[in-house]
Amino acid sequence: MLTKLKIFGMLCVTLAMLSIPAHADKGMVYWLNRLDESLAHRAEYEQMHLDRIERLKTELKQAREDDKFEICYSLYDAYKVYCYDSARTYAYDCLQRAQTQHDDARIVRSKHAVAFCLISAGILSEALDVLGSIDRSKLSGEALSEYYDHYSRLWRSMADYVNEEPFYTQYITKSKLYMDSLLTVLPEGSLRWWACKSTHLMRDQSYEAALKSIEKTLSLSENDGHMRAMAAAEMAWAYIWLGDEDKAIEYFAQSAISDNETATREITALYHLARFIYKKGDYDRASRYVHQALEDVNFYNTRLRKVEINDILPIIEQDRYDAVRSQRNWLFATTGLVVALLLGILWSYWFIRRKNHKLTEARETIAGQLEQLREANTQLQQMNSQLQQVNTQVQQANRQLQEADKIKTAYIGRSFYSNAEFIEKLEKVYMAIDRKITTRQYDDLRYTLKQSTLNAERENMYQAFDQTFIKLFPHFVERYNELFDDKDRKLPPDEHSLTSEMRIFALIRLGITDSERIAKFLDYSVHTVNTYKTRIKNRSTVDNDQFETLIMEI
């Protein structure tokens, strides 16, 4: 399995190199190729993360009640940037256990965990309520730094969500105040202090100073993949503001590599990276990255992240489509030019050869050439005769096919309506039976009942219809199901039969479009047939007006 993944990774890198614009910076090319190689091993990194989660779940089942809080908190920590629903579940589980134990410190930790989940999901009002329930005067150390950090993130998210003045400036100001407070409580020179310092400088628009601070953060975060991913992304944004998009793409790629290796799915640098390399004209790679980022946010499962990424996806896909269309048009134009040149060359060759033949004939110096021409003419006549024979055979086969088609159509029509008439006759027999019961003609009734096989005859008629139709249209069931999503597709009991719904549209495929005639054949009411048709069309993936047209194309 590992060998296959390595081969796939090498293939991805090769394809990626072919799609990189020729003017791309070497450092950018290097890190994009590194990223493609890392993404090829995505399943391995994710499995390592899932193995760690499974070990924690096993420990949780076997642990004593007093020890379960810390294991639940570790599970929340493992899920918080991987899967929102699970992270929220374990965060609330921690809060419930802490409240049961009346442990104030654990209650605060749990509320911070809940607040983180709510902020990540964009549920900002509820996150504000949770943080507001924490008494700041009783906090110190790690709890106080988490308090300031979450408030700073909350007001930043509020600003990004509203994005309208004067609220944007008000919320950003509050976020910066909490970040100032966070800087005062973090140990100076620690990894978190440098990370906070970098963010603070970025918000003050001191990008040159921020670069130096972020470099310090990166040097301290070699063993912390998640912190390294955030620092690399911050470095990328600093270069964006300084006007160096190539360097920004390098650091976004490094951030995405760290996200991939730490199984981070909350919102990854792939989303931002796709936006910038798309501007470079690398549409295929941008499409792959944005679809991977979309898969991540769908897995993480928060509406806020889905809205963010869906803004850029249609733009990239449209431009990629335009690029492919341009390439296709260029290919068509080139092919047309080549064909025109080839025809010109062939015509010139034919014209020159014709002149040579005339000169040879005029000089009468090459007698053997005339013999060759006569032999060639004989061969051409033979080939022409053979072609005429083939053409005659094709025309004959075409007539046979048309004749067979008419025979099949007539056979089907006769079979269907003769069966329908037969069923009507049986229905009349049942009516006669009813009259005989009423008139107490029991001897006649016994004889009539022995011959009453109406339902069996109707089923036989349907079976004969299905078998005949499938012989004529062997791919009907498959093509019919292609008009629906996987969850709405239905298969008949066996390969020689149709479902009731399919039978309606099989009749339509044969040209029987009148609902009354369909109802008569299937022993339904006209209303039932129309209801079936409407319900099936509404369930399909195509427009209702196009559904029957697509059926007729099968």
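Tabulated data for the structure shown
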item: Segment 218-269: relative contact order as a whole-number percent, Cα under 8 Å and 6+ apart; result: 37 percent
item: Mean projected area (nm²) of the alpha-carbon convex hull when segment 51-158 is viewed from all directions; result: 6.7 nm²
item: √(5λ) per eigenvalue of the Cα gyration tensor, segment 431-554, largest first, Å; result: 36, 16, 12
item: Note, ³J(HN,Hα) from phi for segment 71-77, Karplus 6.51, -1.76, 1.60, rounded to Hz, x at Gly and Pro; result: 5, 4, 5, 5, 5, 4, 5
item: Förster radius 45 Å - calculated FRET efficiency between Ala367 and Asn398 (Cβ-Cβ, nearest 0.05); result: 0.45
item: Two-site FRET efficiency, Phe167 against Asn530, from Cβ-Cβ distance with R₀ of 45 Å, rounded to 0.05; result: 0.25
item: Extension reserve of the Asp523-Arg64 stretch, reckoned as 0.36 nm per residue once the Cα distance is removed; result: 158.5 nm
item: Pairwise label distance in nanometres, Ser137 with Asn384, each label 7 Å out on the Cα-Cβ vector; result: 11.2 nm
item: Highest-first arrangement of 201-212, 287-298, 235-246, where packing means the average Cβ count within 10 Å; result: 287-298, 235-246, 201-212
item: Length released on extending from His291 to Gln546, taking residue separation times 0.36 nm less the Cα-Cα span; result: 88.8 nm
item: Rounded FRET efficiency, nearest 0.05, which uses the C-beta distance separating Glu46 from Gln101 and R0 of 51 Å; result: 0.90
item: Those GluC sites (Glu not before Pro) in segment 332-402 that DSSP places in a loop and that have at most 12 other beta carbons within 10 Å; result: Glu364
item: Ranking by accessible area, most exposed first, for Arg458, Arg517, Arg97 with a 1.4 Å probe; result: Arg517, Arg97, Arg458
item: All aspartates and glutamates inside 17 Å of Lys428 as judged from Cα atoms, apart from same-chain residues fewer than 8 positions distant; result: Asp444, Glu457, Asp523
item: Computed P(r) (all Cα pairs; segment 156-255; 5 Å bins; percent); result: 3, 14, 20, 22, 21, 14, 6, 1, 0
item: Estimated vicinal HN-Hα couplings, Hz - segment 430-445 in sequence order (Karplus 6.51, -1.76, 1.60; Gly, Pro = x); result: 5, 5, 5, 4, 4, 5, 5, 5, 4, 8, 6, 8, 6, 5, 5, 4
item: Euclidean distance of C-alpha centroids, segment 45-60 and segment 496-549, integer Å; result: 51 Å
item: Fully extended contour minus Cα-Cα distance, from Leu343 to Thr184, at 0.36 nm per residue; result: 49.1 nm
item: Pair Ser219, Asp486: separation of 7 Å Cα→Cβ label points (nm); result: 5.1 nm
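The values are calculated or read from the model by the stated rules, or taken from the named source; none is laboratory data. Everything quoted here is computed from the prediction, not taken from an experiment. When we count neighbours, we look across all protein chains shown, and the Cβ atoms used for this are built from the backbone with ideal geometry, even at glycine. Each accessible area value is taken on the protein alone, full model and side chains, heavy atoms only, with ligands, DNA and RNA left out. Shrake-Rupley method; radii C 1.70, N 1.55, O 1.52, S 1.80 Å.
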